[in-house]
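Since the structure comes first, as structure tokens, the remarks are kept for the end.
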Amino acid sequence: MPATSAKPFPARAGTARNRGLEHAVQSDPGSFRILTGDRPTGPLHIGHLFGTLENRVRLQELGVELLVLIADYQTITDRVAPVRLAHDVEGLVADYLAVGIDPDRAIIFTHSQVPELNQLILPFLSLISVAELGRNPTVKDEIAMIGGGSTSALMFTYPAHQAADILFCHANLVPVGKDQLPHLELTRTIARRFNERYSPDVPYFPEPEALLSRTPLLLGLDGRKMGKSRGNSIPLAASADETARLIRGAKTDSERRITYEPERRPEVSNLLEIASLSLGRPPGEIANEIGDAGAAALKRVVLDALSEHLGPIRSRREELVQEPDYLRSVLQRGNALAREIASTTLGDVQELMHTSY
Ligand code: TRP
């Protein structure tokens with residue numbers, strides 16, 4: 001059952017450090033609530049699948065409570081809300097359900113439909129300084145990428161938004177990639193300062209822990225960083241033919257013998273990694289079996305392994321996109337539940353801040 005109200009923060013989880021965190025989750029999954037999310041800027045791909053989606057499903061199956069945010073307001077930090085946003089949001093819901101996120105247990109929701117969550121940003125912004133926001137390396141990188149002058153204020157303040165995403169539901173565990181760690185640190189700072197200032201006796205917000213992904217970061221099929229909009233990944237929505245074409249076009253090198261050497265042969269090793277993740281076998285072992293058969297044989301192995309792994313996900317996804325009304329109802333239910341939680345939290349926050357009249 002999804003929770004319908006903010007749950008009191010379990011004391012133990014707040015002090016648990018990353019080491020041993022996994023053990024704590026295994027032994028007492030019920031004391032953890034996870035908030036995780038994606039920005040709806042295009043279809044999810046195998047990097048997401050192996051890097052985070054499968055882990056979310058694993059944690060869900062363990063009995064951890066799961067909230068999945070479709071961060072639609074994040075897309076307007078650096079662009080005009082695209083006309084196809086609603087379509088992308090629906091696509092994400094299909095991706096989630098296809099990989100096994102269970103809409104009866106998880107809460108899937110969007111920023112834009114939970115006003116009470118967004119209202120938390122206001123007091124949160126009062127707890128951090130402009131300098132602290134400016135120092136955030138993730139924001140710095142993004143700003144450098146767009147070219148400083150035209151950075152929106154929403155981009156600059158995004159870490160406070162992300163803190164609201166996490167704290168509105170008292171999430172105490174956030175599965176993230178390394179690039180998101182500075183955001184999480186600021187979330188912890190905001191939680192701590194809010195507690196010190198407004199709730200010194202009984203801390204109101206948890207200081208959430210980062211759960212770092214155990215899967216190595218996959219490269220794109222061209223050997224560069226894998227990205228939703230770079231055409232170098234394999235979307236979960238890709239057909240079997242498209243997948244075959246993408247893998248056939250993957251960059252390799254000129255050595256015939258296939259070996260797993262991530263530093264020296266990143267492209268070949270990355271393909272081995274994809275096969276390894278699909279088959280659940282070590283990449284070196286797969287390399288040995290292919291031996292001198294060369295890149296074409298490697299690509300065949302990767303395609304077979306991935307097709308088998310993606311097959312059921314793909315067919316579930318195909319069925320789901322035939323039922324847009326169902327997908328919308330899942331999201332509407334998630335939005336309603338998230339709103340209940342956010343209203344409770346905002347009510348508490350107003351009490352604590354003496355602004356409840
Ligand atoms: N910033 C994340 C991304 O770019 C998405 C996101 C928004 C998120 N809010 C979050 C992730 C809160 C974890 C927790 O992918």
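The values are calculated or read from the model by the stated rules, or taken from the named source; none is laboratory data. Values in this document were obtained by computation on a predicted structure and should not be read as measured data. Note: ideal-geometry Cβ built from the backbone for every residue, glycine included; neighbour counts use all protein chains shown. Areas reflect the complete protein model, heavy atoms only, side chains present, ligands, DNA and RNA absent. Shrake-Rupley method; radii C 1.70, N 1.55, O 1.52, S 1.80 Å.
Of note:
- Close lysine pairs were tallied over the chain: pairs 8 or more places apart or on different chains with Cα atoms under 20 Å apart number 8.
- Computed from backbone phi, the HN-Hα couplings of segment 293-310 come to 6, x, 5, 4, 5, 4, 5, 5, 4, 4, 4, 4, 4, 5, 4, 5, 5, 7 Hz, rounded to whole numbers (Karplus: 6.51 cos²θ - 1.76 cosθ + 1.60, θ = phi - 60°; Gly and Pro given as x).
- Scattering curve values for segment 220-285, log₁₀ I(q)/I(0), Debye with Cα scatterers, q = 0.24 Å⁻¹: -1.15
- Principal axis dimensions, segment 279-357 - Cα atoms, whole angstrom, descending: 76, 34, 16
- Within the chain, the longest segment free of exposed loop sites, counting trypsin sites (Lys or Arg not before Pro) that fall outside DSSP classes H, G, I, E and B and have at most 15 other Cβ atoms within 10 Å, spans 106-213.
- When the Cα positions of Leu236, Thr355, Leu117 are compared along the charge dipole of the chain, Leu236 comes out farthest toward the positive end, with charges on each C-beta of Lys, Arg, Asp and Glu.
- For segment 194-330, the equivalent ellipsoid derived from the Cα gyration tensor has semi-axes of 37, 24, 13 Å, listed largest first.
- Across segment 321-327, coupling constants 3J(HN,Hα) worked out from phi with the 6.51/-1.76/1.60 Karplus curve, θ = phi - 60°, read 6, 6, 10, x, 5, 5, 4 Hz, and Gly and Pro carry x.
- For the chain, calculated [θ]222 nm from helices alone, where every DSSP H run of n ≥ 4 adds -39500 (n - 2.57): -15500 deg cm²/dmol
- Alpha-carbon Rg with Dmax, taken over segment 187-256, Å: 22.1, 66
- Placed amide H near Leu211: partners under 5 Å, 5+ positions off or other chain: Val174, Val176
- 14 Å beta-carbon shell around Ile190, net charge (K/R +1, D/E -1): -1
- Pairs of Cα atoms nearer than 8 Å and 6+ residues apart set the relative contact order; for segment 206-357 it is 19 percent.
- Each Lys or Arg adds one and each Asp or Glu subtracts one; over the other residues with Cβ under 12 Å from the Cβ of Ser239, this totals 0.
- Our summary of shape: the Cα atoms of segment 40-147 have principal axis extents of 41, 29, 26 Å, ordered from largest down, in whole angstrom.
- Kirkwood Rh, angstrom, segment 143-224 [1 / mean 1/r, Cα pairs]: 14.7 Å
- With DNA, RNA and ligands ignored, accessible area of His354 (1.4 Å probe; Å², nearest 10): 150 Å²
- Cα radius of gyration and Dmax for the chain (Å): 21.4, 76
- Helix 266-279 axis, angle to the chain major axis (alpha carbon atoms, nearest 10°): 80 degrees
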